[in-house]
Amino acid sequence: MDDLVAVGTQFMREVNAAAILRRLRTETSMSVSALAKAVGLSRQAVTRSLNALVEEGLVEFGSLDRDAGRAGRPAQLVRFRAEAGYVLGLSISPQDLRVAVSDLAGTVAATDVVQLGAGMDGAAAVEALLATAERTLASAGVTPGDVWFASVGTPGIVDPDAGVVKLIPSMPGLAGDILVRRLKDVLACPIYLDNDVKLATQGERWRRAERPEDSMVMVHWGERVGAGIVLNGELYRGASNDAGDVGFLDLFCDDGAPGPAAAPRHPHGLGPFEQRVGGEEIVRLAVAAAERDGDAAFRASIAAAGERGFDAVLDAFAAGAPPALEAIDVVARRFAKGVAVIRAILNPRLVVIGGPMARCGEPLLAAVRGRLAGEPLDQPGLEVSALQDDAVVHGALRHALDEIERTKFGPPRSGRQETS
């Protein structure tokens, strides 16, 4: 067993303070005596650390706990000041911008969503994101200087260490470091950039804290398709940080189903799997079904929706429109092939469907389960995302809080370790 040995009084106090902060952050408030017992320190040591943390603004002594059923003097209560700082979560996609701000306990103070117009270039989208962030902070009564950490999610292949988007076919204007560079112009805190699906996976695990799966694949299913992979409780990134790019699976060479056979191999940067199950194909299938059925009203409604045709089909599915039901049934069969591949390779306990398709709910899950029923291997559980379109910003908040835990509230890195 490795024991951390304190070298010097200052290091010992830092270790004690880190343990106290970690414990206090899990409670609304605690008595000093209960806190000392919980962290295994003397009351005197805890009091010394608490006084230092009070000076830093991280801890606050509260009122005395006058429990009428307990003899002796009232207990002194203490609490972690979650409002001492804030974190910012941001998400940018071709469809919308999402921003959320939370305190250091993860309590969300304000959110905002802005729909993007069709064809907005990357630079304009970034400026809109900055404006949205400033507006969201102001609505929470938070200044940019109060933000301790910010995390932002974007589509595409991302290098988090460099803060660079390497490839983003859906929003090519965001390639490079424009996101991080512009955010640094308005925020003085550290800024982290990552793939949106990976952050969404972290958000989903966080907000389902009553049973966070340690073996899970979250599939973002919308215009594009990508997955976040959790193995042994950790997010798996792969050798080049793009593990889970299932949109580029090629499973339908000979499936016999009608499809865009004459289409270019990667239209708009779409991979083969995305071409067969993504939003563009869902709209095409629904319109084709309406044409066969002579449903002119349905076709007119999709045409009127323009760039929002995918959303219109999903709304029609919820309303039980036959062309939409037929289209979703076709892609459910195709999507099930992808789930079967994920099962064969990773054998996760759970597959979560996120993104716009999560709006289809249980009927979609039933359709996919029905297609998986004949598979020879036992299949994973299937659920839709509890957060749906908000999963990315919640994951961004979670990552920001984890970084603060690691850099500010974790045990100090100095000192030495001895093995006993």
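The values are calculated or read from the model by the stated rules, or taken from the named source; none is laboratory data. Note that the structure is predicted; figures quoted are calculated from it, not measured. Note that we place each Cβ from the backbone using ideal geometry, even for glycine, and neighbour counts take in every protein chain shown.
Between Gly141, Gly203, Gly145, the distinction of being outside any strand (DSSP E or B) and on the phi > 0 side of the Ramachandran plot belongs to Gly141 only.
Filter segment 149-163 for residues that are farther than 14 Å from Val99 by Cβ and in contact with a strand residue (DSSP E or B) (Cβ under 6 Å, 6 or more places away or on another chain) and give the result. Spell out the reasoning first.
Taking segment 149-163 and keeping what is farther than 14 Å from Val99 by Cβ, we get 149, 155-163.
Across segment 149-163, the qualifying residues are Phe149, Gly156, Ile157, Val158, Asp159, Pro160, Gly163.
So, Val287, is that one in the same structural domain as Ala327 (by TED's automatic domain parsing), assigned to a helix (DSSP H, G or I) and over 20 Å from Ala336 (Cα atoms) or not?
Values: in the same structural domain as Ala327 (by TED's automatic domain parsing): yes; assigned to a helix (DSSP H, G or I): yes; over 20 Å from Ala336 (Cα atoms): yes.
Yes.
Among the residues of segment 292-304, is there at least one that is surrounded by 14 or more Cβ atoms within 10 Å (Cβ to Cβ), in a helix (DSSP H, G or I) and within 28 Å of the chain's Cα centre (by Cα)? There is no residue in segment 292-304 that is surrounded by 14 or more Cβ atoms within 10 Å (Cβ to Cβ), in a helix (DSSP H, G or I) and within 28 Å of the chain's Cα centre (by Cα).
Within this structure, Lys184 passes the test of being in a helix (DSSP H, G or I) and over 28 Å from Leu249 (Cα atoms).
Could you please find all residues in segment 305-355 being among the basic types (Lys, Arg) and farther than 26 Å from Gln202 by Cβ? Before the answer, list the steps.
In the first step, residues of segment 305-355 are kept if they are among the basic types (Lys, Arg); the result is 308, 333-334, 337, 343, 349.
Those that are among the basic types (Lys, Arg) and farther than 26 Å from Gln202 by Cβ: Arg308, Arg333, Arg334, Lys337.
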